[in-house]
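Visitor: Take a look at the following structure, please.
Just so it is clear, none of the values below were taken in a lab; they were calculated from the coordinates. Note that this is a predicted model, so its numbers are computed, not measured. Methodologically, a virtual Cβ is constructed for each residue, glycine included, from the backbone with ideal geometry; neighbour enumeration extends over all protein chains shown.
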Amino acid sequence: LEDSQIKYSATDTEKRPDLLHELKKIDSALDNLARSFFEDEKIATARELTVEVMSQAVDYWNENTGLTRADLARKSRIWKVYLEQDGRERTQTLDKYLDLESLPRNPGYKKVIRTADFVLTSLKTDSSIRHKLELSLAKLQALT
């Protein structure tokens, strides 16, 4: 909009000195709106990648160790394992990171990255899940 002001003659701006100021305010508001949309998209993408990374890390862990999420939580020392009254082990917090609907509003991206790093460092088996995890992890790290 500010660029369109150049098309007006000098007399137009003399008659309306506030016009240029108003156009600059509109430009600024549009810039802020565009940044807001970009930031919202970035957050949505980071949230989706968080679930993707955790799911892939758990899948890769299970596939290569035959162990459970509780074993991953316990060995990594990143997540807590809760013992139910019936003796079952639960990974309540870790489980929230496996579904976009249950993902906390402000996810702990560092915990997710540490979990993926732990799994990738602990296991060296080459597989398609490992390659997907490495790619997803790199994307998440670039966004956060």
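Visitor: Using the per-residue mean of other Cβ atoms lying within 10 Å as a proxy for protection, in what order, highest first, do the peptides 62-75, 83-96, 107-120 fall? Display every interim value, and only then the final one.
Guide: On the way: 62-75: 16.1, 83-96: 12.4, 107-120: 18.1.
Top to bottom by mean Cβ count within 10 Å: 107-120, 62-75, 83-96.
Visitor: Sticking with this one: Pop out the ³J(HN,Hα) list for the stretch 128-144 in order, Karplus 6.51 cos²θ - 1.76 cosθ + 1.60 with θ = phi - 60°, rounded to Hz; leave Gly and Pro as x.
Guide: The phi angles translate into 5, 5, 4, 5, 5, 4, 4, 5, 4, 4, 4, 5, 5, 5, 5, 8, 9 Hz.
Visitor: What size of dipole, in debye to the nearest 20, comes out for the stretch 57-144 about its Cα centre when the only charges are +1 on Lys and Arg C-beta atoms and -1 on Asp and Glu C-beta atoms?
Guide: Working: 16 positive and 12 negative charges, 83 e Å.
Approximately 400 debye in magnitude.
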